[in-house]
Amino acid sequence: MKNVLQFLAVAVLLAGCQHDAGVASPKWTSAEKYSEYPTGGYVVRNNVWGEGPGPQSIWANSHAQWGVHADHPAVGGIKAYPHAGWAVHQRLSAVPHCTSRFAVTVPDAGSYNTAYDIWCERHAYEIMLWMNWRGKMGPIARSWDATGKPAVEITGVTVGGHTWDVYKGTNGANVVFTFMGTSPSTAGAVDIKAVLDWIKARGWFEKPAGGDVLLDEVQFGWEISASAGGLDFAVNDFSVDLQ
């Protein structure tokens, strides 16, 4: 009986996600924390990895049309980073061109950011590009003041088609560079190669020598901290153009 009830609970959650997202019969759905869906060379991941999460279900038709229904309590910390990812596995010097476009629909409640998560040098470096955010969200920084405000490294940097405030810090496992857009948007394009070249030119890629890092993967989705009561997030367009 317990298994039957669990099955029904998952079925109801998935049905609610499909209805709220406006997708009657998506090609793929899942409520498993680490479920994945390969599609067109990309991988869509549910990726519920934080402490104390609530239920989160994911649906997808492709890397450019997918979304989640998340119901995470407001108890602090990131609960999940549902995303679509494109693996690169090339040295920066061998990538003459890397751009991306995106479009999302996000809720007007909760606490989250819509962000690219770009991994380099076998996850030694994490570059986050915050395109929009809401609620109690803050970047990883080298320090914080008495009020909890993070120390910005450089303000008003224009690179990759956007203007950013840039933060630099570590999460204990890897170095993190966070670029927070000064004009948040839910749709647009970004020149990822230009951003990585800018970091390299500043000498922030300390290994390997010369900063010619391995570009591991380009990911795009939402870091969700709180979405109590259940909120819907949807990707309406996403692609990575790599040459």
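Residues of the range 46-66 that are in a strand (DSSP E or B) and either surrounded by fewer than 23 Cβ atoms within 10 Å (Cβ to Cβ) or on the phi > 0 side of the Ramachandran plot (or both): ASN61, SER62, GLN65.
Contact annotation: residue pairs with Cβ atoms under 7 Å, 6 or more positions apart or on different chains, pairing a residue in the range 141-159 that is touching a residue at least 40 places away in the same chain (Cβ under 8 Å) with a partner that is of a type in the set (S, T, N, Q) and surrounded by 13 or more Cβ atoms within 10 Å (Cβ to Cβ), are VAL157/THR163. Among the residues that make up the range 115-122, is at least one of them closer than 25 Å to PRO73 by Cβ, crowded, with 21+ Cβ neighbours inside 10 Å and modelled with pLDDT of 95 or more? Yes: the range 115-122 contains one or more residues that are closer than 25 Å to PRO73 by Cβ, crowded, with 21+ Cβ neighbours inside 10 Å and modelled with pLDDT of 95 or more. Scanning the range 198-225 for residues that are under 15 Å from ALA94 (Cβ atoms) and without any contact (Cβ under 8 Å) to a residue 40 or more places away in the chain turns up just one, GLY210.
Table: residues versus (1) more than 15 Å from the chain's Cα centre (by Cα); (2) of a type in the set (S, T, N, Q); (3) surrounded by 14 or more Cβ atoms within 10 Å (Cβ to Cβ).
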position	(1), (2), (3)
ILE192	no, no, yes
TRP198	yes, no, yes
PHE205	yes, no, yes
PRO208	yes, no, no
LEU214	yes, no, yes
GLY221	no, no, yes
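When you look at THR147, is it not acidic (Asp, Glu) and not in a strand (DSSP E or B), yes or no? The answer is yes for THR147. Assess whether PRO96 counts as being without any contact (Cβ under 8 Å) to a residue 24 or more places away in the chain and either loosely packed, with under 15 Cβ neighbours inside 10 Å or not in a strand (DSSP E or B) (or both). For PRO96, the condition - without any contact (Cβ under 8 Å) to a residue 24 or more places away in the chain and either loosely packed, with under 15 Cβ neighbours inside 10 Å or not in a strand (DSSP E or B) (or both) - is not met. From the list TRP164, TRP130, the one residue that fits, being aromatic (Phe, Trp, Tyr) and either exposed (fewer than 14 other Cβ atoms within 10 Å of the Cβ) or over 18 Å from LYS193 (Cβ atoms) (or both), is TRP130. In the set SER225, SER143, only one residue is among the hydroxyl-bearing types (Ser, Thr, Tyr) and touching a Lys or Arg at 6+ places or on another chain (Cβ under 8 Å); that residue is SER225.
Quick one: is PHE177 touching a helix residue (DSSP H, G or I) at 6+ places or on another chain (Cβ under 9 Å) and under 23 Å from MET137 (Cα atoms)? Yes; evaluated as a whole, the condition is true for this residue. Taking the criterion of being surrounded by fewer than 19 Cβ atoms within 10 Å (Cβ to Cβ) and hydrophobic (A, V, I, L, M, F, W, C), the only residue of the range 32-45 that qualifies is VAL43. Taken over the range 110-140, residues that are closer than 16 Å to GLU223 by Cβ, touching a residue at least 24 places away in the same chain (Cβ under 8 Å) and not in a strand (DSSP E or B) amount to 6. For the range 69-93, the candidate set comprises residues that are part of a loop (DSSP other than H, G, I, E, B) and β-branched (Val, Ile, Thr); within that set, the residue that is farthest from TYR37 (Cα to Cα) is VAL75.
The values are calculated or read from the model by the stated rules, or taken from the named source; none is laboratory data. Here the structure is a predicted model, which is why all the values come from computation and not from measurement. Positions of Cβ are backbone-derived with ideal geometry, glycine not excepted, and every protein chain shown enters the neighbour counts.
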